[in-house]
1. At 0.36 nm per residue, minus the direct Cα-Cα distance, what do A64 and D82 gain on full extension? Give it in nm, one decimal, please.
2. Subtract the Cα-Cα distance of R50 and N109 from 0.36 nm times their separation in residues, and report this length gain in nm to one decimal.
3. Would you mind checking which residues have amide H under 5 Å from C37's amide H? H placed 1.01 Å from N; only 5 or more apart, or other chain.
4. Roughly what would the spin-label model give for H131 and D29, points 7 Å off Cα along C-beta, in nm?
5. Mind listing the phi-derived Karplus ³J(HN,Hα) values for the range 27-33, rounded to whole Hz, using 6.51, -1.76 and 1.60 with θ = phi - 60°, and x for any glycine or proline?
6. Within the set of other residues whose C-beta is less than 14 Å from the C-beta of Y107, count the net charge using Lys and Arg as +1 and Asp and Glu as -1.
7. ³J(HN,Hα) across the range 57-69 via Karplus (A = 6.51, B = -1.76, C = 1.60, θ = phi - 60°), whole Hz, x for Gly/Pro?
8. In a GNM of the chain with a 10 Å cut-off on Cα contacts, which of E55, E16, E105 has the highest mean-square fluctuation?
Amino acid sequence: MTDDAERNALAAWVREYSDAFGHAFHAGDPTLMRPYCHVPALAIGGGAARLIATEAESDARWAAAHAGLPDDYDHSVLHTVDVTFTGADAAFVTVNCGRYTTAGEEYVNFDASYVVARTNDGWRITVWIGHR
């Protein structure tokens, strides 16, 4: 693949991850996020860094994220996805995300960054960085 093709493929995977977040919320099943998450991983945001050492901790992280959504949450949209490869098997990704209600209103817009690594099972997010 060319650099642009790899960048576009990884950006599409990040968009798939965002869609999976909404699907996992509506299904009530945080384990649906597992194909996108590396364990161990690091979550940085809200003035704290948190190590996620097990799949159970990863599931709990997603359950907590879903619990923070309003009842009328419908879906998320990644308005932008920027990919910078830092090596053949690693990249830094920044996104701008909007979350929408069932009425179609964007109720929150935020930026986030991810460090992703290519594993034997495909790309996995190793670090989440929330920007507010």
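FYI, it's all coordinate maths here, none of it is from the lab. Since we're looking at a predicted model, the values are computed, not measured. Here Cβ is always computed from backbone atoms with ideal geometry, including for glycine, and neighbour counts include all displayed protein chains.
1. Numbers: separation 18, 0.36 × 18 = 6.48 nm, distance 2.65 nm.
My answer for the length gained is 3.8 nm.
2. Numbers: separation 59, 0.36 × 59 = 21.24 nm, distance 2.28 nm.
Additional length available on full extension: 19.0 nm.
3. The list, which skips near neighbours in sequence, is I125.
4. Spacing of the two 7 Å Cα→Cβ label points: 3.4 nm.
5. Running phi through 6.51 cos²θ - 1.76 cosθ + 1.60 with θ = phi - 60° gives 7, x, 9, x, 5, 5, 7 Hz.
6. So the environment of Y107 carries a net charge of -4.
7. Karplus-based 3J(HN,Hα) across the range 57-69 equals 5, 5, 4, 5, 4, 6, 4, 5, 4, 5, 5, x, 7 Hz.
8. Top of the fluctuation ranking is E105.
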